[in-house]
Amino acid sequence: MYNIDRNNSKPLYLQLEELIRESIEKGIYKRDEKIPSESELMNKYDLSRITVRNACNHLVKEGILYRVAGKGTFVSSPKIMTSSLAYMGFREQLERMGYETTTKLIEKSIIKSTPLISANLNIEENSDVMFIKRLRLVDNEPISLHHTYLSYDKFKEIYSSDRLESEQLCVLIEDEYGITPKKVLETLESMTTTEEVSQIFETEKGYPLLILEDIMYEEEAKPYEYSKVIFRGDKVKLKYEFNN
């Protein structure tokens, strides 16, 4: 088994991280099982408290470990592996993997399009736009926050739909209008939580996030949906596959 090597140029906290990762991969520390305390790790490997804390803090931020106040540090569940949302909604992917999902409608409003929204939807500035903000939960834990922008004139029926919490938006658009994406422009970036998102996700400020932005086209130059999905980076991993 991997151990601490003081002759190695690699920092001690990184060596401890690798040791804990290996212990998890080999099943020595199991899912939702408490790992040794800071004091126990310090004594076992003759490390300082700051070294042990740095290693554990990094693993917590990555979602490999999680803390319970007054109880200790535990092994997290594996990250959820999901594919691009362009052709299959996140909820459908989760349910196919056997997860129990729920959706909360946080906001639904008619706003005036900004230059960015207008460019992404190919509409005039200050046009009426439908803004829908929904929170997706897995096993009652917040995992993704969905922001969607649609032309109000084009999709009025969806605004008054009572299925916004019970159905995926892509399903509503196909059911009501027969529209499915023929082309998708997708971008992915990482950031850390703001105070607002931390409150929604019930996490500490500074948690890792993945931001996925999509522009859906019903024809080559005819966009109809602009969306931004914020995933908890400690819970979700995005997978892309390309075939020649």
| message | Being at positive phi, in contact with a Ser or Thr (Cβ under 7 Å, 6 or more places away or on another chain) and not polar (S, T, N, Q) is the requirement here; does G63 meet it? | response | yes
| query | Which residue, of I230, I215, I173, is touching a residue at least 40 places away in the same chain (Cβ under 8 Å), touching a His at 6+ places or on another chain (Cβ under 9 Å) and surrounded by 18 or more Cβ atoms within 10 Å (Cβ to Cβ)? | reply | I230
| Restricting the stretch 15-39 to residues that are farther than 14 Å from I64 by Cβ and assigned to a helix (DSSP H, G or I), the residue that is farthest from the chain's Cα centre (by Cα) | S39
| remark: All-but-one check, S113 against (1) under 24 Å from the mean Cα position of the chain (by Cα); (2) within 26 Å of H146 (Cα to Cα); (3) open to solvent by less than 20 Å² (accessible area, probe 1.4 Å), failing number (1)
| request: Could you tell me which residue of the stretch 11-23 is nearest to R49 (Cα to Cα), considering only residues that are open to solvent by less than 40 Å² (accessible area, probe 1.4 Å) and hydrophobic (A, V, I, L, M, F, W, C)? | output: L16
| query | Quick check: anything in the stretch 87-97 charged (D, E, K, R) and either closer than 30 Å to R6 by Cβ or assigned to a loop (DSSP other than H, G, I, E, B) (or both)? | reply | no
| note | Those residues of the stretch 195-212 which are of a type in the set (V, I, T) and either open to solvent by less than 10 Å² (accessible area, probe 1.4 Å) or touching a Pro at 6+ places or on another chain (Cβ under 9 Å) (or both) amount to I200, T203, I211
| query | Hey, does the stretch 121-128 have a residue that's in a helix (DSSP H, G or I) and touching a residue at least 24 places away in the same chain (Cβ under 8 Å)? | reply | yes
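The values are calculated or read from the model by the stated rules, or taken from the named source; none is laboratory data. This one's a predicted model, so the numbers in the text were calculated from it and none came from an experiment. Methodologically, a virtual Cβ is constructed for each residue, glycine included, from the backbone with ideal geometry; neighbour enumeration extends over all protein chains shown. Each accessible area value is taken on the protein alone, full model and side chains, heavy atoms only, with ligands, DNA and RNA left out. Shrake-Rupley method; radii C 1.70, N 1.55, O 1.52, S 1.80 Å.
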